[in-house]
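The values are calculated or read from the model by the stated rules, or taken from the named source; none is laboratory data. Just so you know, these numbers come straight off a predicted model, no measurement behind them. Cβ: placed from backbone, ideal geometry, glycine included. Neighbour counts: every protein chain shown. Each accessible area value is taken on the protein alone, full model and side chains, heavy atoms only, with ligands, DNA and RNA left out. Shrake-Rupley method; radii C 1.70, N 1.55, O 1.52, S 1.80 Å.
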Amino acid sequence: MEHRKVPEHEAIYLRIREMILFGVLVPGQPVTIQGLVEVLDAGTTPVREAIRRLTAEGALEAKGNRRITVPELSLTQVEELYFARLSIEPKLVQIAVPRANEELTKHLREIDNHLNAAISEGDIEGYLKYNYRFHFALYEAAGAGILLALAQSLWLRAGPSLRGVLGRYANTIQPDQHDITIRALENHDAATACRAIEDDIRQGMDQVRQVLIFGDSAAQNTVKSVLAD
């Protein structure tokens, strides 16, 4: 079967989106068309269009004097993300559980093995990528397009801040909830799977919230939870 080639403008959009999602571009960092053109070896027009789309999605923020930056989350925004993720993602899991099959659980275990390897190697970007793939392989199984799009938007907004926290405090790691989630899927246990995802969300978002409320010193006291989602 022949695969459709992704148009250049879409490919550039996806590459910049991943740079934001996985924290390659950090909160507060200025983003310029020329800078991305050079980094991506891309044309000016597709980069400009990607920036426009990502700004409309809230992944980038337009400042004065035509400046574009990666947004720095306020505590209020983190609380909103926290509420929205806890509302949407467990619902996707609840819908996905009755659809779960051996193919899905095998795929999730493969992703989780890569994630664990990234953790053991101290590869934060690899961790973030495989963590994203784990969650969204599960969420996509729900077949709920509107909820899926909302969840993707929330992760895009939270990604840079989580990456910043992990970069400072990723030296101590507790086991994550993924194995519990997979076993719950195998048993068609929606309640347990939803609780595991809720714990994932709380662990990661709590660490970002701690940094905003109390600063780095207090965040160190809760570092053990940050790589558990």
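Fraction of C-alpha pairs exceeding 15 angstrom in region 79-145: 58 percent, rounded to a whole number.
Choose one answer from Leu92, Leu147, Leu14: the residue with the largest mean-square fluctuation in a GNM of the chain with alpha-carbon springs under 10 Å. Answer for the Gaussian network model of the chain: Leu14.
Spatially close Lys pairs in the chain, defined by Cα atoms under 29 Å apart and a spacing of eight or more places or different chains, total 9.
Can you send over the carbon and sulfur percentage of the accessible area for the chain, probe radius 1.4 Å, protein chains only?
Details: 5950 of 11940 Å².
Exposed carbon and sulfur together represent 50 percent of the surface.
Going by a ≥ b ≥ c, the root eigenvalues of the Cα gyration tensor, does the chain fall in the rounded group (a/c under 1.5), the prolate group (a/b larger than b/c) or the oblate group?
Numbers: a/c = 1.75, a/b = 1.25, b/c = 1.40.
Because a/c hits 1.5 or more and a/b fails to exceed b/c, the chain counts as oblate.
With protein chains left intact and a 1.4 Å probe, residues in the chain average 52 Å² of accessible area per residue. Rounded is the label for region 8-69, because a/c, from the alpha-carbon gyration tensor with a ≥ b ≥ c as root eigenvalues, stays below 1.5. Magnitude of the charge dipole for region 8-69, about its Cα centre and with charges confined to Cβ atoms of Lys, Arg (+1) and Asp, Glu (-1), is about 300 debye.
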